[in-house]
Amino acid sequence: MQSRILLALAHTAIFFFLIVPASAQSDQADESLKLREEVQNRGWLAYSSRSENGTWDIFLSRPDGSQRQNITNSADYEEAAPRFSPAGDKLMYRRLPKGTTINHDQWGFQGELATCNPDGSDPQILGGEGDYPWAVWSADAKKIACLTKKGIQIIDLQSREIEKQIPRNGIYQQLAWSPDEKWFCGTANYKNEYWTVVRMNIETSEINALRSYQNCTPDWYPDSNHVILSSRPAGQAGAKGYGYTQLWEVDGEGKQHKLLYGEDGLHIYGGAVSPDGAYVIFTRCPEDGGGAEKSGGTLCIIRMKDTPMVGGESPDLRQLHPDAKSGPMIEIDKGWEPHWTSAEIKAAP
Amino acid sequence: MKNRMTRYPSACFLLAFFFISCTGKPDSGEDPEVTSRGSIEVTAELQEIPGEFIDRSDYDYAFVMKYKVLEVHRGQLADSEYIYVGHYNPQKPRDAVSDARVDDVGGRLKKFNSGDIHRMALEMPIDDHFMGGIVNRYFDEYSGPVYWAVWTNPVSR
């Protein structure tokens, strides 16, 4: 009788320690597979990645990572930081001399501005080295806005004339233009805090802080009323008190702040929201800055409805965000500064 | 009787060397760079360094410090008594501070110490000349122009 009880206990232990975790892993894999299938035909991603020749090139893939293709494929240049036009009919990126180290904070000042069709055809170089810094598309892609020392310039792409110049009011890098064309956001010196992400009313040039203390790389949600950004909150014990950079959502007034994704041990950068607002793409990288100086990080996608999400064990972060989910998340490729369009691109199969 | 100077020549030489070393040769900080760069040139006393510099090799920034103006050599100041000057990556010696981001700054100053006197070539406002993070710990007490230090030399009197 006693031996039967012991046997039953042993079976129970085996079930809980071996079978249940295996089952949980299997569930996670199933969930990831579901997510992969879900995003597969939701447009295209563009991102920079190291190609076989060792230089940075621009790659296209489906959001599930399939149909990956190198659309610049040049061994003589470093091409990085692609941005689709809002309609997805054009692409812009920076083209740097071969061997240039991309600086994660200064890339918008580096190299030449290039535009092309979304499949990489008809590449055009606009200006010279350092021209059109931090260029971003207007809603109709007929204009770009650039962040210069003298101010934010709105430039007509056909005539190349400056249509409007407004004070930059402390914004010093990573400009983004809202889809409704009413707002800019960027990384700024604001009052006595640098690394503050601010929003600027284009009509009045007035700015308001969205999130202060160690924030950067903002980008707009499709609703023009929320911003996704990278943030390294104070008070983290990890990395000898330096902390890890997380992905956050902030509303346009800077009042509502929500963690999207964080993982102790990794820095999260390159955040962008899918055109339908239902997914988030970003990079996970052990190095601060997203790996621009090396080979980027791991491109990942999660559902917006699964946020806030915490990856890995991350005990400190889970304590702060006890309701955060753990997945699902899919990994796409190794890369840097991804962007997403819902447009269909006639890319080579 | 021989003169003591001639009896102990090496001792006298050492004394003279020690005296010169201690007193230092006066240096107005003037050189071809500081007198030609920027649109403003001043000699000013560094009043204070407001807190610690940020020791992060992978993040560049400018750090604003308060100076008492002693002499204006060129140009005009908005405020003639005190000025607020942003120095690029202040933890570095000025002759090693220029880089790909900011290639037109420099000088002979090795280290910032409050109370020291500097001869500086300046531009104004800082935002027209530097695009990056600015640590301005005077923001709550001062809202006037912040100058950009182009060239910074030590002055000894």
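The values are calculated or read from the model by the stated rules, or taken from the named source; none is laboratory data. If you're wondering where the values come from, they're calculated on a predicted model, not measured in any experiment. Note that each Cβ is placed from the backbone with ideal geometry, even for glycine, and that neighbours are counted across all protein chains shown. In case anyone asks, the SASA skips ligands and DNA or RNA and just uses the protein heavy atoms, side chains included. Shrake-Rupley method; radii C 1.70, N 1.55, O 1.52, S 1.80 Å.
Computed quantities for the displayed model
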| quantity | calculated |
| --- | --- |
| Test: residue in the stretch A:74-85 that is within 12 Å of chain B (Cβ to nearest Cβ), buried (at least 19 other Cβ atoms within 10 Å of the Cβ) and either of a type in the set (Val, Ile, Thr) or within 23 Å of the chain's Cα centre (by Cα) (or both) | no |
| The lone exception for residue A:346 - which of (1) basic (Lys, Arg); (2) closer than 20 Å to residue A:39 by Cα; (3) modelled with pLDDT of 95 or more it fails | (3) |
| Among the residues listed as A:43, A:99, A:108, A:88, the single one being small (Gly, Ala, Ser), modelled with pLDDT of 95 or more and more than 22 Å from the chain's Cα centre (by Cα) | A:99 |
| Single unsatisfied condition, residue B:150 versus (1) more than 17 Å from the chain's Cα centre (by Cα); (2) surrounded by 20 or more Cβ atoms within 10 Å (Cβ to Cβ) | (1) |
| Total residues in the stretch A:86-111, condition open to solvent by less than 40 Å² (accessible area, probe 1.4 Å) and more than 22 Å from residue B:58 (Cα to Cα) | 4 |
| Residue among A:132, A:194 that is more than 13 Å from chain B (Cβ to nearest Cβ) and either open to solvent by 50 Å² or more (accessible area, probe 1.4 Å) or among the hydroxyl-bearing types (Ser, Thr, Tyr) (or both) | A:132 |
| Some residue of the stretch A:113-124 being open to solvent by 20 Å² or more (accessible area, probe 1.4 Å), over 21 Å from the mean Cα position of the chain (by Cα) and more than 28 Å from residue A:344 (Cβ to Cβ) | no |
| Tally, over the stretch B:73-98, of residues that are closer than 15 Å to residue B:124 by Cα and open to solvent by 70 Å² or more (accessible area, probe 1.4 Å) | 3 |
| So residue A:137, is it more than 14 Å from chain B (Cβ to nearest Cβ) and among the aromatic types (Phe, Trp, Tyr) | yes |
| Residue list for the stretch A:161-199, filter: assigned to a strand (DSSP E or B) and more than 16 Å from residue B:132 (Cβ to Cβ) | A:162, A:163, A:164, A:165, A:166, A:176, A:177, A:183, A:184, A:185, A:199 |
| Scope the stretch A:277-309; condition open to solvent by less than 30 Å² (accessible area, probe 1.4 Å), part of a strand (DSSP E or B) and either within 14 Å of chain B (Cβ to nearest Cβ) or of a type in the set (D, E, K, R) (or both); matching residues | A:285, A:303 |
| Count of the stretch B:57-72 residues which are aromatic (Phe, Trp, Tyr) and more than 10 Å from chain A (Cβ to nearest Cβ) | 2 |
| Filter result (among the hydrophobic types (A, V, I, L, M, F, W, C) and in contact with a Gly (Cβ under 8 Å, 6 or more places away or on another chain)) within the stretch B:72-101 | B:78, B:97 |
| Residue in the stretch A:221-234 that is free of Cβ contacts under 8 Å to residues at least 60 places away in the same chain, touching a Leu at 6+ places or on another chain (Cβ under 8 Å), open to solvent by 20 Å² or more (accessible area, probe 1.4 Å) and not β-branched (Val, Ile, Thr) present | no |
| Flag if residue A:203 is within 20 Å of residue A:139 (Cα to Cα) and open to solvent by 40 Å² or more (accessible area, probe 1.4 Å) | yes |
| Residue check for residue A:171: within 20 Å of residue B:128 (Cβ to Cβ), open to solvent by 70 Å² or more (accessible area, probe 1.4 Å) and at pLDDT 95 or above | no |
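Yes/no per residue for (1) surrounded by fewer than 23 Cβ atoms within 10 Å (Cβ to Cβ); (2) within 14 Å of another protein chain (Cβ to nearest Cβ):
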| site | (1), (2) |
| --- | --- |
| A:143 | yes, no |
| A:153 | yes, yes |
| A:158 | yes, no |
| A:183 | yes, no |
| A:186 | no, yes |
| A:190 | yes, yes |
| A:210 | no, no |
| A:214 | yes, yes |
